[in-house]
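Novice: Provided herewith is a single structure, encoded as structure tokens, for subsequent inquiry.
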Amino acid sequence: MRTMLIDCNYPIEDSLEVKFASTVSCYDFDVVMWDIEGTFDHYNDICRKEQGLPTLNDGQSRQFLEAIQRRRDEFKEILRLGRALVIFPGRSHEILYPTGERTYSGTGRNRVETRTVAPISFHRALPFELEISPGAGVETEALPGPLQSLWRETQGYWVYRGVLKKYPGSPAFKISQTDNTVGSYVRYKDGGILAILPEPYWDPNGDEEGDEESGPSTTAQEHSSTPEQLHAWLCSQMREETEDAPVWVAGFSFPEARALDAQLSTLQDELKELLEKIDKVKASQAEEEKWKRLLYSQGGALESEVERALQTLGFEILPTVQGRADIRVKSGDSQAVVEVKGISKSAAEKHAAQLEKWVSEEIIAGESAPAAILIVNAWREKSLTERTQPAFPDQMLSYSKSKGHCLVTSTQLLLMARTVMAEPAKAEEIRNELLSTVGIVPGWDLPSPLIIETEDAVTDEAPETNQT
């Protein structure tokens, strides 16, 4: 089928590449694809800049405004004629144009003329409303509908550059694991197809590296097929019959169709069961990920995970009381108050003083003197391998020991909890260790087989580069 590519550079056979303002009309083509980002890049290259945007001169402005209206009429008409229009919305939607108004200041030789410019959106060329918020990435998935078959063949090779807020048709693509729409699809009664899609990833230079905005890391041979597969899918859709079958047709069938219906029903049941299993695994994964909060979080999130860890160790969590400890626990006849801190440096004497205040509050309230446990997520902004400095410095140890405090890091607590999850019989021994230790709890150090550093582990620091 005859294909026009407006500011698209795709390897589609027998296609014609044109600029947005070209006088070549869309009417001679069955499929029209427009990359708005490509049009913006073109004007960004040839225009001077004002207010950070490409700004048209008088000649460019006249040509551009004419093209805006002409393309709008063409897009509307080709959809009515049963053809296909694909829009890649990109993220850059405005340029500046001169309004024709002039202002003057000064007199004589010092007189200065200033022209007025105003923004104009490329969306003015669209015969429908489109609103996009910026945001780029590559993690997409297709929603149930016509585009699912295409996505299954090309998943991982789509780049979205914005989230659709207002758009025609039904959602077709979304950002993975979210409800944010990045693609839509409409099939009109006359047979016309309108698709607003992320860009099909293709690198004409054959670079093998990719990033979150440009696309996945792969070879040019693999991802060069994505635009072609999109084009082939569009052509197959346009060849399909669009006339609705009359109601009476549903009263007839073929023996083979009944067998297929039964097969489909079985597969749907199997799919439902599989999806339920997947949901359970994902829920378990989410629970596992929450344990990592003991390694990096602070505030309420850290307190919540500390509480869960203590429950895993077999402690009974006592009700909180206004003005008293962060966490109050019980094991047998023994009680303890727990102070929890997530900090970017080491613990300090003020944290131990706060813990001692909780001990005093318990005694004032008529309770027996509880054990005191200080749990600190120290150096929390550093990776585990970079936490080489002590969590509890020498200057606070004498005070904590004199008050009978147990000092433990959230990383140690995590290892304790994971140990009990694997070996429940060790729970009592670990509880007694926390209730009886004065000073720093020994052991429970990294590295540990209970925490595995994966191959894709990263740090916040930029990688070193070799220079020649």
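Novice: I'm trying to understand the selection: among the residues of segment 1-28, which are more than 21 Å from Thr226 (Cα to Cα) and either in contact with a Leu (Cβ under 9 Å, 6 or more places away or on another chain) or not basic (Lys, Arg) (or both)? Before the answer, list the steps.
Specialist: Residues of segment 1-28 that are more than 21 Å from Thr226 (Cα to Cα), as a first pass: 19-28.
Within segment 1-28, Phe20, Ala21, Ser22, Thr23, Val24, Ser25, Cys26, Tyr27, Asp28 qualify.
Novice: Among (1) in contact with a strand residue (DSSP E or B) (Cβ under 8 Å, 6 or more places away or on another chain); (2) more than 23 Å from Thr116 (Cα to Cα); (3) of a type outside the set (Lys, Arg), there is one condition Asn44 misses while meeting the rest; what is its number?
Specialist: Against the list (1) in contact with a strand residue (DSSP E or B) (Cβ under 8 Å, 6 or more places away or on another chain); (2) more than 23 Å from Thr116 (Cα to Cα); (3) of a type outside the set (Lys, Arg), Asn44 comes up short only on (2).
Novice: Right, another one. Is there a residue being touching a Cys at 6+ places or on another chain (Cβ under 8 Å) and of a type in the set (A, V, I, L, M) anywhere in segment 40-49?
Specialist: The answer is no; no qualifying residue exists.
Novice: Hey, another quick one. Give the residues of segment 99-137 that are buried (at least 16 other Cβ atoms within 10 Å of the Cβ) and either farther than 30 Å from Asn180 by Cβ or over 43 Å from the mean Cα position of the chain (by Cα) (or both), sorted by residue number.
Specialist: Val117
One line per residue, one yes/no per condition, for (1) outside the structural domain of Gly82 (by TED's automatic domain parsing); (2) exposed (fewer than 15 other Cβ atoms within 10 Å of the Cβ); (3) modelled with pLDDT of 90 or more:
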position: Asn9; (1), (2), (3): no, yes, no
position: Leu16; (1), (2), (3): no, yes, yes
position: Ala21; (1), (2), (3): no, no, yes
position: Ser25; (1), (2), (3): no, no, yes
position: Ile46; (1), (2), (3): no, yes, yes
position: Glu50; (1), (2), (3): no, yes, no
position: Leu56; (1), (2), (3): no, no, yes
position: Ser61; (1), (2), (3): no, no, yes
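Novice: Looking at segment 372-381 only, could you name the residues that are part of a loop (DSSP other than H, G, I, E, B) and either surrounded by fewer than 16 Cβ atoms within 10 Å (Cβ to Cβ) or β-branched (Val, Ile, Thr) (or both)?
Specialist: Once the filter is applied, which keeps residues that are part of a loop (DSSP other than H, G, I, E, B) and either surrounded by fewer than 16 Cβ atoms within 10 Å (Cβ to Cβ) or β-branched (Val, Ile, Thr) (or both), segment 372-381 yields only Glu381.
Novice: If you don't mind, another one. Pairs under 9 Å by beta carbon, first residue in contact (Cβ under 8 Å) with a residue 60 or more places away in the chain in segment 49-69, partner basic (Lys, Arg) and in a strand (DSSP E or B), six or more apart or different chains?
Specialist: Sorted first by the residue in segment 49-69, then by its partner, the pairs are Thr55/Arg48; Thr55/Lys49.
Novice: Yes or no: Leu407 closer than 24 Å to Ser360 by Cα and touching a helix residue (DSSP H, G or I) at 6+ places or on another chain (Cβ under 7 Å)?
Specialist: Criteria met by Leu407.
Novice: Restricting to segment 266-300, and then to whatever is in contact (Cβ under 8 Å) with a residue 24 or more places away in the chain and in a helix (DSSP H, G or I), can you tell me which residue is farthest from Ser383 (Cα to Cα)?
Specialist: Initial filter on segment 266-300 (in contact (Cβ under 8 Å) with a residue 24 or more places away in the chain): 291, 294-299.
Checking the rest, the ones that are also in a helix (DSSP H, G or I) come to 291, 294-296, 299.
Values: Trp291: 15, Leu294: 13, Leu295: 9, Tyr296: 9, Gly299: 19 Å.
Here the residue is Gly299.
Novice: Among the numbered criteria (1) at pLDDT below 90; (2) under 41 Å from the mean Cα position of the chain (by Cα), which one does Ala417 miss?
Specialist: Ala417 satisfies all of (1) at pLDDT below 90; (2) under 41 Å from the mean Cα position of the chain (by Cα) except (1).
Novice: What number of residues within segment 101-113 satisfy the criterion of being under 28 Å from Lys49 (Cα atoms) and either outside any loop (DSSP other than H, G, I, E, B) or aliphatic (A, V, I, L, M) (or both)?
Specialist: 9
Novice: Next question. Those residues that are in contact with a helix residue (DSSP H, G or I) (Cβ under 7 Å, 6 or more places away or on another chain) and either crowded, with 21+ Cβ neighbours inside 10 Å or of a type in the set (S, T, N, Q) (or both), I need them from segment 27-39; list them, please.
Specialist: If the condition is that a residue be in contact with a helix residue (DSSP H, G or I) (Cβ under 7 Å, 6 or more places away or on another chain) and either crowded, with 21+ Cβ neighbours inside 10 Å or of a type in the set (S, T, N, Q) (or both), then Val31, Val32, Ile36, Thr39 are the ones that fit.
Novice: Please identify the pairs in which a residue from segment 382-406 that is part of a helix (DSSP H, G or I) has its Cβ atom under 9 Å from the Cβ atom of a residue that is surrounded by 13 or more Cβ atoms within 10 Å (Cβ to Cβ) and polar (S, T, N, Q), counting only partners at least 6 apart or on another chain.
Specialist: Short answer, once both residue conditions are applied: Leu384/Thr411; Met396/Ser346.
For (1) closer than 30 Å to Ile193 by Cα; (2) of a type in the set (Val, Ile, Thr); (3) in contact with a Ser or Thr (Cβ under 8 Å, 6 or more places away or on another chain); (4) not assigned by TED's automatic domain parsing to the domain that holds Ser410, each residue gets a yes or a no:
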{"site": "Trp248", "(1), (2), (3), (4)": "yes, no, no, yes"}
{"site": "Arg258", "(1), (2), (3), (4)": "no, no, no, yes"}
{"site": "Ala283", "(1), (2), (3), (4)": "no, no, no, yes"}
{"site": "Glu288", "(1), (2), (3), (4)": "no, no, no, yes"}
{"site": "Gln298", "(1), (2), (3), (4)": "no, no, no, no"}
{"site": "Gly314", "(1), (2), (3), (4)": "no, no, yes, no"}
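Novice: Still on this structure: Can you go through Thr385, Thr409 and tell me which one is at negative phi and surrounded by fewer than 16 Cβ atoms within 10 Å (Cβ to Cβ)?
Specialist: Thr385
Novice: Which of (1) under 23 Å from Gly299 (Cα atoms); (2) in contact (Cβ under 8 Å) with a residue 60 or more places away in the chain; (3) out of contact with any Cys (no Cβ under 9 Å at 6 or more places or on another chain) does Leu434 not meet, given it meets every other one?
Specialist: (3)
Novice: Here's another thing I want to ask about it. Quick check on my filter: what residues within segment 421-438 are in a helix (DSSP H, G or I), surrounded by fewer than 20 Cβ atoms within 10 Å (Cβ to Cβ) and not basic (Lys, Arg)?
Specialist: Met421, Ala422, Pro424, Ala425, Ala427, Glu428, Glu429, Asn432, Glu433, Leu435, Ser436
Novice: Here's something else I'd like to know. Taking segment 146-196 as the region of interest, how many residues are hydroxyl-bearing (Ser, Thr, Tyr) and within 24 Å of Arg239 (Cα to Cα)? Step through it out loud before you land on a result.
Specialist: Keep residues of segment 146-196 that are hydroxyl-bearing (Ser, Thr, Tyr), which gives 149, 154, 157, 160, 167, 170, 176, 178, 181, 184-185, 188.
Checking the rest, the ones that are also within 24 Å of Arg239 (Cα to Cα) come to 149, 154, 170, 184-185, 188.
Going through segment 146-196 one residue at a time, the tally reaches 6.
Novice: Taking the conditions exactly as written (under 20 Å from Ile132 (Cα atoms), surrounded by 13 or more Cβ atoms within 10 Å (Cβ to Cβ) and at pLDDT 95 or above), does Met4 satisfy them or not?
Specialist: Judged against the criteria, Met4 is not a match.
Novice: With segment 307-371 as the region, which strands (runs of 3 or more DSSP E) entirely inside it contain at least 2 residues that are surrounded by 18 or more Cβ atoms within 10 Å (Cβ to Cβ) and under 44 Å from the mean Cα position of the chain (by Cα)?
Specialist: Correct list: 327-331, 334-342.
The values are calculated or read from the model by the stated rules, or taken from the named source; none is laboratory data. Please read these numbers as outputs of a predicted model, since none were measured by experiment. Because the Cβ atoms are built from the backbone with ideal geometry, glycine has one as well, and the counts that use them run over all protein chains shown.
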